[in-house]
Amino acid sequence: DRGSSPQDYDLLSSLGTHTSSQLEVHDVGRLYAYQPGVVVALCGRVLQHSVSKWSGGERICYARFMKEKVLLKMNSPNRNWVTADSFKP
């Protein structure tokens, strides 16, 4: 996730045939269930995260993140942190 914008969210999708895995978010000391079909959004450049082991089959992680250099090259406006006010009508 190096090179991504700190304000941008990574979308991580857990896919495959595995039956058990956990996503660890090191900076907050938490483990989350991460079975096939789970999609997680987190600030990947800010929060260190990993899946160190899984069981019961193959595991695929589909990760979507945007490089900050791409946004700059496309003259995309600077984005701010998402807050609850971002969703008010």
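Data overview
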read-out: Translational diffusion coefficient (Stokes-Einstein; Kirkwood radius from C-alpha pairs) of the stretch 15-89 at 37 °C, 0.692 mPa s, in µm²/s; value: 221 µm²/s
read-out: 1.4 Å probe accessible area per residue over the chain, in Å²; value: 73 Å²
read-out: Simple label model, 7 Å out from Cα along Cβ direction - Ser86 to Tyr32, nm; value: 1.5 nm
read-out: Carbon and sulfur %, accessible surface of the stretch 1-86 computed with the full protein complex present, 1.4 Å; value: 54 percent
read-out: Most positive-pole-ward Cα, Gly29, Val51, Phe87, against dipole of the chain from beta carbon charges; value: Phe87
read-out: MRE, 222 nm, helices only [DSSP H, n ≥ 4, -39500 (n - 2.57), over the chain, to nearest 500]; value: -1500 deg cm²/dmol
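The values are calculated or read from the model by the stated rules, or taken from the named source; none is laboratory data. As the structure is a computational prediction, the values presented were derived from the model and not from experiment. No Cβ is skipped: glycine too gets one built from the backbone with ideal geometry, and neighbour counts run over all protein chains shown. When the accessible area is computed, the model is the full protein with side chains, heavy atoms only, and any ligands, DNA or RNA have been set aside. Shrake-Rupley method; radii C 1.70, N 1.55, O 1.52, S 1.80 Å.
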